[in-house]
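The values are calculated or read from the model by the stated rules, or taken from the named source; none is laboratory data. Since the model is a prediction, treat every value here as computed from it, not as a measurement. As a convention, Cβ positions derive from the backbone with ideal geometry for all residues, glycine included, and neighbour counts pool all protein chains shown.
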Amino acid sequence: MLEEEGRAKIISISVEDEMKSAYIDYSMSVIVSRALPDVRDGLKPVQRRILFGMEGLGLAPGKPHKKSARIVGEVMGKYHPHGDSSVYFAMVRLAQNWVMRYTFVDGQGNFGSVDGDSPAAMRYTEARLSKISDEMMADMDKETVDFVNNFDDSLQEPSVLPTKIPNLIVNGANGIAVGMATNMAPHNLAQTIDATVAYIDNPEIEVDELGKIIQAPDFPTGGIIYGIDGVREAYATGHGRVVIRSKTEIETSERGHERIVVTEIPYMVNKAELIKHIANLVTDKKIEGISNVNDESDRRVGMRIVIDIKRDAVANVVLNKLFKYTELQSSFSINNIALVKGRPMVLNLKDLIHYFVEHRLDVVTRRTEFELRKAEERAHIVQGLIIASDNIDEVIQIIKSSDNPTEAKERLMQRFSLSEIQASAIVEMRLRQLTGLEQEKLRAEYEELMKRIEYLKELLASVEMRMQVIKDELLEIKEKYGDERKTEVVYASEDMNPEDFYANEEVVITISHLGYMKRTSLSEFKSQNRGGVGSKGTATRDEDFVEHMFVATMHNTLLLFTKLGKCYWLKVYEIPEGTKTSKGRHIQNIINIDKDDEVKAYLNVKSLKDVDYINRTYVVMCTRNGVFKKTLLEEYSRPRQNGVNAINVREGDMLLTASLIEDVEVAHLCRNIAACSVDETLRLL
């Protein structure tokens, strides 16, 4: 409503247009001023303001810590007019070494934990800047970056930090804006600097070459990156999925029980929630073979999650299930979105390095211009002081005979053709500078200044020289702060083959009449000399007995055929391991077989991936009522978790047996079966 000639004037505005305009303004404010990092220094506004505010408080490395509440008040009152909790938690994140690959804040007190514990209230904790944060703000006092007004125009703050570190690549970033989000992975500082130096040497370098230098993300919590395809895609396009596995090892306790020990977990996984999830899966019987889960982590040994395995379970099988059903294996979705000149952009690895080098070139150029100007100003003053020292008696006489400093300066300027700045410096000169030693120092300083001025002018005239300065400073940073990778890289497919966990050794498979099965190393069955009395092969119940016993290798596959005509697959390494005298485990607890069903035949198949073998080998089945069927083994080369129907068994009938027969034997077998009874057919099979 406007006042026009004393009358109220109402202007009609479309609600839809107004809402669009307001929402766009809001979304751009969130994108630019809150959620997304700047590609140059890799910081969001609140992070930049925290570091700048802490430097203003004098919280340099080595200085005493100061209360977090004092820091939050400084930042909130001067630069960031938002909630105190948002500022505090942003500062806490900069201090958490399981979140940041290289922390910028040195915290003292409870700053949370990898278990998801909240930090203590800001009145209890203290903080100061870490050593590496100095490199983020180096040369900021040399007009290297633009300063802008703060929210109430009473102070100025930097629009970006003149960082020497490629922070966006090194520490990554995450944030949710309006209509977009960023999720950038951290990397190793030494490898990132090597890649940046390689780009400076050859700006035409390809992303693949840069990826070979950096290898993969390097997460602060360690772990193992499993498969490199997602990493390469992220480096090339800015989007990708990285699979991370916990670092584990299998130990044997003093009692002979196996246990899985987890020493590193994937990035951003809550350790306490992970342990709770494993315990719930065991309680719900979704994962079997685990007797206990215990967190033995402490400051001395670091992270140590111990998962005790039951005696009849296989540790590697349990571990594979944990990888599948828990966050012992997780994925990190890379989405490289950052602000480039105030606009959000998706960036590949080369783009990230390019914009950082471009920023460093601008910083070095502005720093050189500042240092050149200061050197020329100082040389001008020193030149005047040298003139005064060469004519000291006359200078003293002029100053003594002048009524005031202004007159003295004017007479000096006129007598020796000095500038006002030089004359002022001479008038303010101390008496000790009249000594011969001080005069020699002035001449030496002037010579050094002239050499410095000449070098700085050459530097400004040559982009190659400034690039060399950037390289030298990066290599110096690498020398000071570079460290080894924390995250290992396994160059394999994302879906690891469980067979890789097992040596392909020979084992003896034992199956009892009641369905108890186990595998035992063949080495336990030693050959005996003449007169041997034998060795007990397995322990069974009084009403049970061993029905099947054969040799297989750990990578073999068993085809299990039931009386209702279903076929199930079972890898040999999934069969519980046992001693010669152990009973084994019931088949119902190993595969998803119906309670009213029963396994009638076990076929030991060496490989379902040998195309020639599976296309010349048949599975021959026979039922009690004399139904005979042969099927190419190739039809069973694609395992299904819940099995498949191998033969239709009519009511009152059931499958009795199944056998593997090669192509050359099929015709002969079929001719004989035609004239055989059921019992004779079973004997032939």
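Please determine whether any residue of the range 177-185 is modelled with pLDDT of 95 or more and either at positive phi or touching a Phe, Trp or Tyr at 6+ places or on another chain (Cβ under 7 Å) (or both).
Taking every residue of the range 177-185 in turn, at least one turns out to be modelled with pLDDT of 95 or more and either at positive phi or touching a Phe, Trp or Tyr at 6+ places or on another chain (Cβ under 7 Å) (or both).
Does GLU479 count as more than 27 Å from THR579 (Cα to Cα) and modelled with pLDDT under 65?
So GLU479 fails the test.
Which count do you get for residues in the range 288-314 that are surrounded by 13 or more Cβ atoms within 10 Å (Cβ to Cβ) and touching a Ser or Thr at 6+ places or on another chain (Cβ under 8 Å)?
7
Can you list the helices (runs of 4 or more DSSP H) lying wholly within the range 37-111 that have 3 or more residues being farther than 19 Å from LEU155 by Cα? Full working, then the answer.
On the way: elements: 45-56, 68-78, 84-93.
Filter on the range 37-111 gives 84-93.
Mind checking which residues of the range 367-396 are over 60 Å from the mean Cα position of the chain (by Cα) and assigned to a helix (DSSP H, G or I)?
As a first pass, look at the range 367-396 and keep what is over 60 Å from the mean Cα position of the chain (by Cα): 386-396.
ILE386, ILE387, ALA388, SER389, ASP390, ILE392, ASP393, GLU394, VAL395, ILE396 - these are the residues of the range 367-396 that are over 60 Å from the mean Cα position of the chain (by Cα) and assigned to a helix (DSSP H, G or I).
For the range 397-419, how many residues are outside any loop (DSSP other than H, G, I, E, B) and of a type outside the set (Lys, Arg)? Working first, answer last.
To start, the set of residues in the range 397-419 that are outside any loop (DSSP other than H, G, I, E, B) comprises 397-401, 405-416.
Narrowing the set further to residues that are of a type outside the set (Lys, Arg) leaves 397-399, 401, 405-408, 410, 412-414, 416.
Residues that pass the stated criteria total 13.
Do we find that ILE278 is under 26 Å from ARG519 (Cα atoms), among the hydrophobic types (A, V, I, L, M, F, W, C), outside any loop (DSSP other than H, G, I, E, B) and in contact with a Leu (Cβ under 9 Å, 6 or more places away or on another chain) in this structure?
The answer is no for ILE278.
Would you check which residues across the range 138-158 are assigned to a loop (DSSP other than H, G, I, E, B) and aliphatic (A, V, I, L, M) and list them? Working first, answer last.
Taking the range 138-158 as the starting set, the residues that turn out to be assigned to a loop (DSSP other than H, G, I, E, B) are 138-139, 143-146, 150-155.
Across the range 138-158, the qualifying residues are ALA138, VAL145, LEU155.
Among the residues of the range 129-156, count how many are within 24 Å of the chain's Cα centre (by Cα) and of a type in the set (Lys, Arg).
1
Any idea which residue in the range 451-483 is surrounded by the fewest Cβ atoms within 10 Å (Cβ to Cβ), counting only those that are without any contact (Cβ under 8 Å) to a residue 12 or more places away in the chain and acidic (Asp, Glu)?
Filtering the range 451-483 for residues that are without any contact (Cβ under 8 Å) to a residue 12 or more places away in the chain and acidic (Asp, Glu), the one surrounded by the fewest Cβ atoms within 10 Å (Cβ to Cβ) comes out as GLU464.
For the range 159-208, give me the residue count where each residue is acidic (Asp, Glu) and not in a helix (DSSP H, G or I). Quick ask: steps written out before the conclusion?
From the range 159-208, those acidic (Asp, Glu) are 194, 201, 204, 206, 208; that's our starting set.
Filter once more, so that each one left must be not in a helix (DSSP H, G or I): 204, 206.
Number satisfying all stated conditions: 2.
When the residues of the range 551-578 are narrowed to those that are assigned to a loop (DSSP other than H, G, I, E, B) and out of contact with any helix residue (DSSP H, G or I) (no Cβ under 7 Å at 6 or more places or on another chain), which ends up nearest to LEU655 (Cα to Cα)? Break it down stepwise before answering.
Within the range 551-578, the first condition is being assigned to a loop (DSSP other than H, G, I, E, B), and the residues that meet it are 554-556, 563-565, 575-576, 578.
If we keep only those that are out of contact with any helix residue (DSSP H, G or I) (no Cβ under 7 Å at 6 or more places or on another chain) as well, we get 563-565, 575-576, 578.
Values: LYS563: 4, LEU564: 6, GLY565: 6, ILE575: 24, PRO576: 26, GLY578: 29 Å.
Across the range 551-578, the extreme among qualifying residues is LYS563.
Scan the range 209-232 and tell me whether some residue there is in a loop (DSSP other than H, G, I, E, B), within 28 Å of LYS471 (Cα to Cα), of a type in the set (Asp, Glu) and outside the structural domain of ARG304 (by TED's automatic domain parsing). Before you say what the answer is, go through the steps one by one.
The initial filter retains those residues of the range 209-232 that are in a loop (DSSP other than H, G, I, E, B), namely 215-223, 227-228.
When the remaining residues are screened for being within 28 Å of LYS471 (Cα to Cα), the result is 215-220.
Now narrow it down to the ones that are of a type in the set (Asp, Glu): 218.
From what is left, the residues that are outside the structural domain of ARG304 (by TED's automatic domain parsing) are 218.
Yes; the residues of the range 209-232 include at least one that is in a loop (DSSP other than H, G, I, E, B), within 28 Å of LYS471 (Cα to Cα), of a type in the set (Asp, Glu) and outside the structural domain of ARG304 (by TED's automatic domain parsing).
Assigned by TED's automatic domain parsing to the domain that holds ALA658, buried (at least 16 other Cβ atoms within 10 Å of the Cβ) and not polar (S, T, N, Q): is that true of LYS606 in this structure?
Details: assigned by TED's automatic domain parsing to the domain that holds ALA658: yes; buried (at least 16 other Cβ atoms within 10 Å of the Cβ): no; not polar (S, T, N, Q): yes.
No; evaluated as a whole, the condition is false for this residue.
Go through (1) surrounded by 13 or more Cβ atoms within 10 Å (Cβ to Cβ); (2) at pLDDT 90 or above and name the single condition LEU434 misses.
If we test LEU434 against (1) surrounded by 13 or more Cβ atoms within 10 Å (Cβ to Cβ); (2) at pLDDT 90 or above, just (2) comes out false.
Would you tally the residues in the range 246-273 being part of a strand (DSSP E or B) and within 21 Å of ASN174 (Cβ to Cβ)? Reasoning before the result, please.
Of the residues in the range 246-273, the ones part of a strand (DSSP E or B) are 247-252, 258-264.
From what is left, the residues that are within 21 Å of ASN174 (Cβ to Cβ) are 264.
Residues in the range 246-273 being part of a strand (DSSP E or B) and within 21 Å of ASN174 (Cβ to Cβ): 1 in total.
Output yes when any residue across the range 451-462 is closer than 14 Å to ILE386 by Cβ and assigned to a helix (DSSP H, G or I), and no when none is. Before the answer, list the steps.
First, pick out the residues of the range 451-462 that are closer than 14 Å to ILE386 by Cβ: none.
Scanning the range 451-462 turns up no residue that is closer than 14 Å to ILE386 by Cβ and assigned to a helix (DSSP H, G or I).
Checking the conditions here, which among ASP201, ASP218 is farther than 30 Å from ASP25 by Cβ and surrounded by fewer than 17 Cβ atoms within 10 Å (Cβ to Cβ)? If you could, list the steps in order and put the result at the bottom.
Values: ASP218 fails: surrounded by fewer than 17 Cβ atoms within 10 Å (Cβ to Cβ).
Of the residues listed, the single one that is farther than 30 Å from ASP25 by Cβ and surrounded by fewer than 17 Cβ atoms within 10 Å (Cβ to Cβ) is ASP201.
Any residue in the range 547-575 that's on the phi > 0 side of the Ramachandran plot: show its pairings with residues that are in a strand (DSSP E or B) at Cβ separation under 7 Å, as long as the two are six or more apart or on different chains.
As it stands, the answer is GLY565/ASN645; GLY565/LEU655, since those pairs meet every condition given.
I'd like to know if the range 657-671 contains one or more residues that are farther than 22 Å from VAL572 by Cβ, modelled with pLDDT of 90 or more, aliphatic (A, V, I, L, M) and not in a strand (DSSP E or B). Working first, answer last.
The initial filter retains those residues of the range 657-671 that are farther than 22 Å from VAL572 by Cβ, namely 663-671.
This time we only want the ones that are modelled with pLDDT of 90 or more, so: none.
No, the conditions are met nowhere in the range 657-671.
Please work out which residue is surrounded by the fewest Cβ atoms within 10 Å (Cβ to Cβ), limiting yourself to the range 116-127 and to residues that are touching a helix residue (DSSP H, G or I) at 6+ places or on another chain (Cβ under 7 Å) and modelled with pLDDT of 95 or more. Step through it out loud before you land on a result.
First, the residues of the range 116-127 that are touching a helix residue (DSSP H, G or I) at 6+ places or on another chain (Cβ under 7 Å): 116, 119, 122-123, 125-127.
Imposing the further condition that a residue be modelled with pLDDT of 95 or more reduces the set to 119, 122-123, 125-127.
Values: PRO119: 21, MET122: 23, ARG123: 10, THR125: 23, GLU126: 18, ALA127: 27.
Among those residues, the one meeting the criterion is ARG123.
Right, ALA408: more than 60 Å from the chain's Cα centre (by Cα) and either of a type in the set (Gly, Ala, Ser) or over 22 Å from GLU377 (Cα atoms) (or both) or not? Outline the logic, then answer.
On the way: more than 60 Å from the chain's Cα centre (by Cα): yes; either of a type in the set (Gly, Ala, Ser) or over 22 Å from GLU377 (Cα atoms) (or both): yes.
Taking the combined requirement at face value, the residue satisfies it.
Among (1) over 23 Å from the mean Cα position of the chain (by Cα); (2) of a type outside the set (A, V, I, L, M); (3) not in a strand (DSSP E or B), which single condition is ASN292 missing?
Looking at each condition in turn, ASN292 falls short on (3).
Using the structure shown, decide if GLU273 is in contact with an Asp or Glu (Cβ under 9 Å, 6 or more places away or on another chain), within 30 Å of ASN167 (Cβ to Cβ) and surrounded by fewer than 16 Cβ atoms within 10 Å (Cβ to Cβ). Even if it seems obvious, please write down each step before you answer.
Values: in contact with an Asp or Glu (Cβ under 9 Å, 6 or more places away or on another chain): yes; within 30 Å of ASN167 (Cβ to Cβ): yes; surrounded by fewer than 16 Cβ atoms within 10 Å (Cβ to Cβ): yes.
In short, yes.
For (1) under 23 Å from the mean Cα position of the chain (by Cα); (2) within 28 Å of ASN348 (Cα to Cα), each residue gets a yes or a no:
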site	(1), (2)
ASP229	yes, yes
SER253	no, no
ILE265	yes, yes
ALA272	yes, no
